[in-house]
1. When you count, for each residue, the other Cβ atoms within 10 Å and take the mean per peptide, how do 45-57, 254-266 rank with the highest first?
2. Over 24 Å between Cα atoms, which of Lys12/Lys344; Lys65/Lys449; Lys229/Lys316; Lys337/Lys363; Lys12/Lys47; Lys27/Lys460 qualify?
3. If N is the number of residues in the stretch 312-383, what value comes out of its Cα radius of gyration divided by 2.2 N^0.38 Å?
4. Rank these by accessible area, largest first, 1.4 Å probe: Ser226, Ser472, Ser342.
5. Work out the FRET efficiency for Glu437 and Leu64 from their Cβ-Cβ distance, taking R0 = 45 Å, and round it to the nearest 0.05.
6. For the chain, what is the charge dipole size about the Cα centre, in debye to the nearest 20, if Lys and Arg each add +1 at the Cβ and Asp and Glu each add -1 at the Cβ?
7. Once you charge only the Cβ atoms, +1 for Lys and Arg and -1 for Asp and Glu, what is the size of the charge dipole of the stretch 325-475 about its Cα centre, to the nearest 20 debye?
8. So, how do all the Cα-to-Cα distances of the chain break down into 10 Å bins, in percent, from 0 on up?
Amino acid sequence: MKKNELIDPDFKLIEDTVLDFKNIAVKFLSSVENRDHSNKYKKKISKALPSDGQGIKLTTEEFLKDIFPYCTPVSGPRWFKLIVGGVTPAALMGELISSTMDQIPDPFSGAMAASITKDTLEYLGKFLRIGDFSGIFTTGTSASHIIGLITASEWIAERHNIDIAQNGIQSLPEVAMFGATPHVSFIKALRVTGFSRKNLQLIDHLPGRESMDLNHLEEMMKKNYSKEKIVIASAGTIASGDFDDLEGVSYLCKKYNAWSHLDGAFGVFARCSKKLENLIQGLEKMDSIAFDAHKWLNVPYESGLFYTKRPDLQEKALKVTDTYLTSDEDVPFFANKGIQLSQKFRALPLWFSFKAYGYDGIKNIIENNCDLAQYLSDWIDHSDEFTLLATTHLNIVLFSAVTNNNHPKEMNEINLRIIDYINSEGKFACGTIHYNEYEAIRIAICNWKTQKIDIDIVIKTLSNAYKFIMSSPKLEA
Ligand SMILES: *Cc1c(COP(=O)(O)O)cnc(C)c1O
């Protein structure tokens, strides 16, 4: 580094950096639809690290040459693999300001940030009609599951007059947890919180669905009558976007004294639409709810949420006490309810989104995505080449190629070859997911920019892929 770039009295370097940033952002965002979707990054980036630094100009050039071309269009309108979402302009503005000013939402240094965070959590609570819940931002649903289990444990401790902080999780009576389709992030939360796979008992699905069979749930609750109980319900399962009957789950939880925790990572937003709200009736009866803003609300990672009706228990478990962390300020201290002490001002992108687009604007993203999923689903339903493997409840379409005798093994092989074909074309991204005996093709639509024209590209590519694969000789294994 020729001169010390960390001394910049006239803000020239900062200004140049911000202008360069603007160019890079525009270059990426305007190219996102036409970038290669195949994620075939293979290039080795130079690992050389000059001890005196090469300066920000050269580093930016290196980034543009060696890294930028390989960044996937994961935030674009045709990234249907995983459930990702993108970044709206308002969310981007909030994110950039949050990073630029580096505010912390706490009463000591960021009373403004803490207060806006509180408002944003209330907007969201109203949007989902869980206004009497108390919420916090987390890094994602994975972290929210951990807080859910910690809060539920504290509830069990309260019922038995146990001090977990003093005596550990092992001082609790035996805990049985029930769920039909728990996400892997919940399994991880078991491990993190000192529970194990043994605590979890899988409940049967309703025929042809991923939704919980409530008769089986009740049977299992009776069987485990003497144990403490937690039910893990789903709103939007990962494979088919299916929903548990939350009214029914909550009824059984009351009857058998169980805590109800909901994984609503993306599916919780069915709640904001008159067309979809039926799927998620009873949401307000859950004890705790974990979900993401970084998926369907189209704000940048990492923005997750945890809402509960028992913030007192949450705080009992997670409060930090030290003299340097006390304050008379009348703003919340979110570190008392979450895992992290320091945390970024995550609320700002969402605050910008709510202000800029209103509840209606955000609802339109959700409904538009579901309409497009239905459009694709209808095409598949009428196609001779593909068949639906599950009902399209929300924004996920789960399907398979058909073969002469529709043997799953054969269908799976064709599905994987179709994904290879899609990757080699690179016009959109999707993948397969294990579903019953199938390697099912799954398209998940969660991006604010996705239009019918994007789904038409999917349809055309799928059809071309099918014809190509069925007419080419089978490769020998
Ligand atoms: C994405 C997802 C999770 C995990 O959320 P993260 O934000 O990745 O931590 C949990 N459950 C479901 C249903 C999901 O889709």
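1. Details: 45-57: 10.0, 254-266: 23.0.
Output ranking for 45-57, 254-266: 254-266, 45-57.
2. Numbers: Lys12/Lys344 27 Å; Lys65/Lys449 27 Å; Lys229/Lys316 20 Å; Lys337/Lys363 29 Å; Lys12/Lys47 29 Å; Lys27/Lys460 28 Å.
In this structure, Lys12/Lys344; Lys65/Lys449; Lys337/Lys363; Lys12/Lys47; Lys27/Lys460 lie more than 24 Å apart at Cα.
3. Working: Rg = 21.0 Å, N = 72, 2.2 N^0.38 = 11.2 Å.
Scaled against compact globular proteins, the figure is 1.88.
4. Values: Ser226 115, Ser472 30, Ser342 90 Å².
Ranked from most to least accessible, the order is Ser226, Ser342, Ser472.
5. Once the sixth-power term is evaluated, E becomes 0.45.
6. Values: 53 positive and 60 negative charges, 130 e Å.
Dipole of the chain, to the nearest 20 debye: 620 debye.
7. Roughly 340 debye, rounded to the nearest 20.
8. 4, 18, 25, 25, 18, 8, 2, 0
The values are calculated or read from the model by the stated rules, or taken from the named source; none is laboratory data. Just so we're clear, the structure is a prediction, and the values are computed from it rather than from any experiment. Ideal geometry is used to build each Cβ from the backbone, glycine not excepted, and the neighbour counts take in all protein chains shown. Areas reflect the complete protein model, heavy atoms only, side chains present, ligands, DNA and RNA absent. Shrake-Rupley method; radii C 1.70, N 1.55, O 1.52, S 1.80 Å.
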